Every structure is written in structure tokens, then in C-alpha cells.
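Notes to accompany the following structure.
The values are calculated or read from the model by the stated rules, or taken from the named source; none is laboratory data. What you are looking at is a predicted structure, and each value in this text was computed from that prediction instead of being measured. Cβ placement follows ideal geometry from the backbone for every residue including glycine, while neighbour counts extend to all protein chains displayed. Accessible surface is based on the protein model in full, side chains and every heavy atom, while ligands, DNA and RNA are left aside. Shrake-Rupley method; radii C 1.70, N 1.55, O 1.52, S 1.80 Å.
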Amino acid sequence: MGYNVVICAGPNHLGTRVSKWTMASEYSADFPDDNLKLARPSLVWRSSNQNPFLCTGYGLHNSANFPGSFADAIAIVAHTLRQGSGRWRARLFSTALPTDPPGLPRWIAPNGSSGGTNVTGSHTAVDDDLSTDADDGNMIVPTSSVLPWSILLTFPDPSPGPVVSPIDAPASARRQAFIVKCKYAGGTGVDIDPAGGSYPTLKAQLYEGGSLVRTLGSKPVTLAGSQYLIFEWDANELADPSGAGVQLKLTGNTGTGGLFVQAKVAGWWLEDTDFEDYGMSTGLLADSGWLDAVDDLTKNMAFGSFYPLRVLRPETSLHRFETVGVGGPGVADGLADKMRYLQLLLMDDQTPTVEAGLEVGRTPLAVDKYLQLGVPWASQGLELSVNRELGELVRVDDRSIRSETMGGNLG
């Protein structure tokens, strides 16, 4: 036995005329968060940039008479999260939260630096508050632009400390991250085609008390404006789970034609115990944890249609919560209470670039990077089981006269 279809089976309980969606930023008036309550993926919200603090938001049913919904499945439709780099998270609550906007992970700026090689600038050049998207214009730059540079940044002891994921937690736990706002400079000063050369790169390494814990990766810096690179890790990698000795080593490597990396802001996206416990007294029902852009269940998703998807942009991702709460009669998957409130967090540092003049019917936008979302769908989830030996028994039947649509019937 198995399954071949998992769907959000029912109306979107956060997509009605009395729903409210509030996101932390908007690219322009053409892409407002109000579009998220419409069941039309062609009308989308876009963030002002890739800063994860500005790619968060929440949906709330605004009617005092609405008792909530036994929603145990969340889908995000018409998004631009990329496979391999994009991730998202949903937190369900049975009541409205007492703060607006809701609580988020903390931003910890560096308070010291050492071990600089070929570098001009220190931690004071990158210690702006990313939670408010602050940037004073100072940067860490290479002394000689034709050579790599490196620096080790230290952080104050966090209190409360980071959430420690279980050792056997899936890779999607990734509750901590270093985020670096950076840019490239030098060369011709314009974006280059990576097929004909290479972008400069920024490498991040997690250190603890002066010792290397793990190399988190090396990523291309593809914009001459500003780009936010995200390097994920987990507190269970630390010898001291309090996070007291956390350090970040950055290494900037040159690219084609004299291009080099400049770091504008750097710090620690700290998911602490306060964030994990946030809302427990106000009806936290479930927390999906960080999910890859494509759900592990199906790997192939769409909004009502199984039309082949673009490889690098899955567009629709779905998560069905496992048993939640203590359950009750007629409650799907043991959901103990009804959802009224959804907190949504999105992250991706390799998102598309808006090209001026290509926004049909909308005001052309400046070249920048963003995150996009069309419809956040919250309803009961339905997993349709079939006998694999008999072949596919459930499929989406798109009866429209067009070759590709955003709708269809279950047949």
C-alpha cells in the first residue's frame, strides 16, 4: 500500500474576506500582503529583499465569531523558494497572539573580531541590527582586492541560549544560522554571466572557543547591490550548548575579472528557548520546524494540477502535521484544538532577481532579489492511499481547454 496524492482537502480558512495577512515587508504596492488572502496565485506578495526578518508574517481569521478550523495541512503556492536553498516554517495557534508582529528568533551582532588576514575593518563594521534591516554603510573589505581575505567574529554569551535539537533530529532541524549581508565590487561593476566566468564567493565556518567545528559552506555573491547569504547549523554541534563560545569565520574569495566580496552586516540568527516556547500560553498547536522547499512526502507538487514543474522552482510546497495535541472525537490526525492563527517564516539566499521591464501589467522594478508567495493555504489534509500493484487510482483531471492551468478536479 502507499499513496500518490496528498491534498489540502477543504476551503482555505485563512483566505476569506475577513482574513488578515500581515507580512514584515512589501516590495512595492503592486505586491501587497493583502494578495495572500486571495485564492488567485497570479496575485502575489513579494518581500522587499531576502532579509529573513522581512520574509516573515502571519495570517489571522478576523471574525470574533469564527471558532477556528481543524487545519492540519499547510500549503504555500506560487512561491520562489529554490530546491536546495529554500526553506519554510509554519506555526499554528488556536488563539491570536498577544504581540503584533509575533515573536521571532533574536539577532545577535558580533562584539569582537580577531585573526584578520588581508582585511580592512573589524566587527564594528558589520554589527548593525539585521532585525530592523539597519546598515550604516560600513563594510569589511579586502586590503588587497586581488587576494582572499578572512576574519573571525566573536559573539556575546546569549541568554537565553540556543534551542538544542535532538541528536537524531532530521537535517531540516537547522535552528541556528549565520546571516551575512554582502555585495561584490571591482571588475566591471555589473552582474556577470557565471557560465563565462565565476562570481566571488563567501565561505562561512562555525568556530567554538577558537576551534573549528564545521565548514558551513561557500556561496556565490551575485549582486553588486546587497545580498543576504544564510549559513545554517544546529546547537547540538556545540561542545557547550549554551552557545557561550560561538564564533564565525568569514573568508572572501575573488572571482573573474577582479571581482571581490565586501561584507556589510554579519551576525547570528538565534533561535532560543524563548522562541521555542513562545505562544505555549496562548495556544501553540504545532510547529513544523524548518522544511525544505519541496515536501519530503511527494517531491512533486502543484496547485491543483500535476503539470510538470520547473526543476529549480517547485512553486508549491505542502506540509501535513503529524499527530498534534491530545486529540478528540472526529479530530483529524489527533488535532486537539482549532487553528485561528498561522505564523509563517521563509528563508532563501538564492532567490530570483527581478528584471526591470519584465513585470507585465505592473510597475517595472529595480534589479534586486526577493521572496514571493501567492497563496498560503490552511485546511484539513487528506492523504489518499492506493494499492500500488493496481496502478494509479487517484489523479488530477484538468478539464480546462488550456494546456496549463492552476486548477483541476480530483478524479
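Residue count for region 253-304 under the criterion of being open to solvent by 30 Å² or more (accessible area, probe 1.4 Å), under 17 Å from Leu345 (Cβ atoms) and modelled with pLDDT of 80 or more: the result is 2. Taking the numbered list (1) closer than 19 Å to Pro148 by Cβ; (2) open to solvent by 30 Å² or more (accessible area, probe 1.4 Å); (3) not aliphatic (A, V, I, L, M) in turn, Pro200 passes all entries but (2). Kindly indicate whether any position in region 261-277 is farther than 16 Å from Val141 by Cβ, in a helix (DSSP H, G or I), free of Cβ contacts under 8 Å to residues at least 60 places away in the same chain and out of contact with any helix residue (DSSP H, G or I) (no Cβ under 7 Å at 6 or more places or on another chain). Within region 261-277 (the criterion being farther than 16 Å from Val141 by Cβ, in a helix (DSSP H, G or I), free of Cβ contacts under 8 Å to residues at least 60 places away in the same chain and out of contact with any helix residue (DSSP H, G or I) (no Cβ under 7 Å at 6 or more places or on another chain)), the answer is yes, since at least one residue qualifies.
When restricted to residues that are touching a residue at least 40 places away in the same chain (Cβ under 8 Å) and open to solvent by 40 Å² or more (accessible area, probe 1.4 Å), region 141-157 contains 6. Restricting region 119-149 to residues that are hydroxyl-bearing (Ser, Thr, Tyr) and modelled with pLDDT of 95 or more, the residue that is farthest from Gly57 (Cα to Cα) is Ser144. Scanning region 116-140 for residues that are of a type in the set (A, V, I, L, M, F, W, C) and in contact (Cβ under 8 Å) with a residue 40 or more places away in the chain yields Ala125, Val126, Leu130, Ala134, Met139, Ile140.
Got a number for residues in region 231-251 being open to solvent by less than 10 Å² (accessible area, probe 1.4 Å) and under 30 Å from Ser144 (Cβ atoms)?
4
Considering Ala173, Ala195, the condition of being under 24 Å from Asn51 (Cα atoms) and either modelled with pLDDT under 95 or in a strand (DSSP E or B) (or both) is satisfied by Ala173 alone. When region 91-117 is limited to residues that are open to solvent by 40 Å² or more (accessible area, probe 1.4 Å) and part of a loop (DSSP other than H, G, I, E, B), the one that is modelled with the highest pLDDT turns out to be Asn111.
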